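The values are calculated or read from the model by the stated rules, or taken from the named source; none is laboratory data. Every value quoted in this text rests on a predicted model; they were computed, and no experiment measured them. Note that each Cβ is placed from the backbone with ideal geometry, even for glycine, and that neighbours are counted across all protein chains shown. The protein model used for the area step is the full one, side chains on, heavy atoms only, and it has no ligands, DNA or RNA in it. Shrake-Rupley method; radii C 1.70, N 1.55, O 1.52, S 1.80 Å.
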Amino acid sequence: MPALSPDDKTSPLENVVWLIAERIASVALSLVVTTVVARHLAPELFGRLNFLIALVALAAPVMASGLNSLVSREVLARPIFSYAIIGSALFIRAAIGMFVACIATVTSYYYFSVEDHWLFFIVIFASVLNAAVVIDFWLQAHLLNRYSAILRTAVLVLFSCLRILAVWLDAGVAAFVYILAAEYVLLGGFYLLIYHHLSDGTHRLRASVEECYGLMHQSRWLFFSGMAAVLYIKIDQVMLGVMVGDRALGLYVVVAKISEVWYFLPAVLVTSFFPQLINRRANDAQAYAQDLQKLNDLLFAMALALALGVSATAGWLVPWLFGADYAAAAPVLVVHIWAAILVFMRALLSKWLIVEDLLPLSLLSQVAGALMNVALNYYLIPLYGPLGAAYATVASYAVAGYLILFVHPDLRPMARIVSRSLALPYRLARHGRALYVR
């Protein structure tokens, strides 16, 4: 077991503070850099860059192999096997990542230009270093989030400066791909250094056949869920690029950036309280249910405020941020931002499915959302372009994050929680301060 000092650990609330501070800095800096790069490249080249990034994102869940949150759970449940768990997870992700990168590179040869094929080769193989991100889930399990927050912020600042420098030097798409690849490599290396510092050393890590088999067996549902999830998160961008073109994708990407820049909030809150939820479920079922409702209500309220605010300001916000070339994206943002309500609550649903050991049903919800997204994008993109993709996104999140919960009896407890959250304004008006009185 890692030799951690009690002073190293922080409370769930302190972890929230650390992660929110890091994400606020990340959001602000990323938005500034994205704005500068989008203005510099203009919609067509910006769309070309993000088409390559979207393709890498499609490969990401295969590389992750469903191990992410599972690592936190296993380290908490079996701390004396921590080195074998982390070592095996690293081995699995690295091995599968290399295999996927090879297959993707060979396939892209038949569809890309020579230059784009080379750029895709660089970034897909660099992304294999994301295997080291499993260290982040070890940090989460030990309430050491401040270390990953500091690391990610430092890397972000460095590479944001490099992107700004590339704009100043009037660089093309290739330079931004090389910067992204270098970011993957450096971030992975630093995660290993942090683990080496906080544990008894990376030399203690080991991969065993038994542990690899156990992790792969348990993660199989999360693996397929992750693949389905990325289909309804990124497939719209790929389909836009293929069916309409780089300019339409460039317009849509700036909308997605504005909408998705807020998605760190539910991830931070839910991740920080995940260990507490696991413990509360084991010790107090009533308190566990109330905690779920409170957290889901908070996520809904945050998302509703965000959707209303962005919808009201989209007309001037998009051209102000990205320039007149992107003004046509404003109506798309008005639609796309409403996906946030389902995305915020989906963050808790994903963790709840892990806590309740309902991983096959996680796959069911993700597949339903993916199928809805692909079908609607196929129908709506030729008719409405980026606006059609936005409608498809909102509908797919509604299916995967809410409607599917009524299909299976084991999902209905969360269906009631989500339904009550959607009725939060009425509940507040009726009960006021007594809303959560037991």
Open item on the list: Within the range 49-70, does at least one residue satisfy the condition of being at positive phi, of a type outside the set (S, T, N, Q) and touching a Leu at 6+ places or on another chain (Cβ under 8 Å)?
Closed with: yes
Open item on the list: Going residue by residue through the range 64-78, is there one that turns out to be in a helix (DSSP H, G or I), of a type in the set (Ser, Thr, Tyr), out of contact with any Lys or Arg (no Cβ under 9 Å at 6 or more places or on another chain) and over 24 Å from Asp357 (Cβ atoms)?
Closed with: no
Open item on the list: Suppose we keep only residues that are free of Cβ contacts under 8 Å to residues at least 60 places away in the same chain and not charged (D, E, K, R) within the range 244-288. Which one would you say is nearest to Val334 (Cα to Cα)?
Closed with: Tyr288
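Wholly within the range 339-436, which helices (runs of 4 or more DSSP H) include no fewer than the required count, namely at least 2 residues that are of a type in the set (Val, Ile, Thr)?
Fully inside the range 339-436 and qualifying: 339-355, 359-384, 386-401, 412-422.
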Task: Lone unmet requirement of (1) surrounded by fewer than 23 Cβ atoms within 10 Å (Cβ to Cβ); (2) under 22 Å from the mean Cα position of the chain (by Cα) for Pro61 - done: (1)
Open item on the list: For the structure I just gave you, tell me whether Gln237 is surrounded by fewer than 19 Cβ atoms within 10 Å (Cβ to Cβ), touching a residue at least 24 places away in the same chain (Cβ under 8 Å) and either within 19 Å of Val343 (Cβ to Cβ) or not aromatic (Phe, Trp, Tyr) (or both).
Closed with: no
Open item on the list: Condition first: under 30 Å from Ser396 (Cα atoms) and at pLDDT below 90. Can you find one or more residues in the range 205-215 that meet it?
Closed with: yes
- [ ] Scan the range 144-154 residue by residue and report those that are out of contact with any Phe, Trp or Tyr (no Cβ under 7 Å at 6 or more places or on another chain) and buried (at least 19 other Cβ atoms within 10 Å of the Cβ).
- [x] Leu144, Tyr147, Ser148, Arg152
- [ ] For the range 410-421, enumerate the residues that are buried (at least 17 other Cβ atoms within 10 Å of the Cβ) and either of a type in the set (Phe, Trp, Tyr) or over 13 Å from Trp352 (Cα atoms) (or both).
- [x] Ser421
Task: Every pair of residues 6+ apart whose Cβ atoms lie under 7 Å, when the first sits in the range 161-180 and is touching a residue at least 12 places away in the same chain (Cβ under 8 Å) while the second is of a type in the set (Phe, Trp, Tyr) and open to solvent by less than 40 Å² (accessible area, probe 1.4 Å) - done: Arg163/Phe176; Ala166/Phe176; Ile179/Phe159
Open item on the list: Give all pairs with beta carbons closer than 8 Å in which a residue from the range 79-100 that is open to solvent by less than 50 Å² (accessible area, probe 1.4 Å) meets a residue that is aromatic (Phe, Trp, Tyr); count only pairs at least 6 apart in sequence or on separate chains.
Closed with: Ser82/Trp138; Ile86/Trp138; Ile86/Tyr195
TODO: Please indicate, with yes or no, whether at least one residue in the range 250-263 is under 30 Å from Leu55 (Cβ atoms) and of a type in the set (Asp, Glu).
DONE: yes
TODO: Please tell me if Val253 is touching a Leu at 6+ places or on another chain (Cβ under 9 Å) and either more than 22 Å from Leu321 (Cβ to Cβ) or modelled with pLDDT of 75 or more (or both).
DONE: yes
- [ ] Would you point out the residue of the range 139-166, among those that are among the polar types (S, T, N, Q) and over 16 Å from Tyr184 (Cβ atoms), that is modelled with the highest pLDDT?
- [x] Thr153
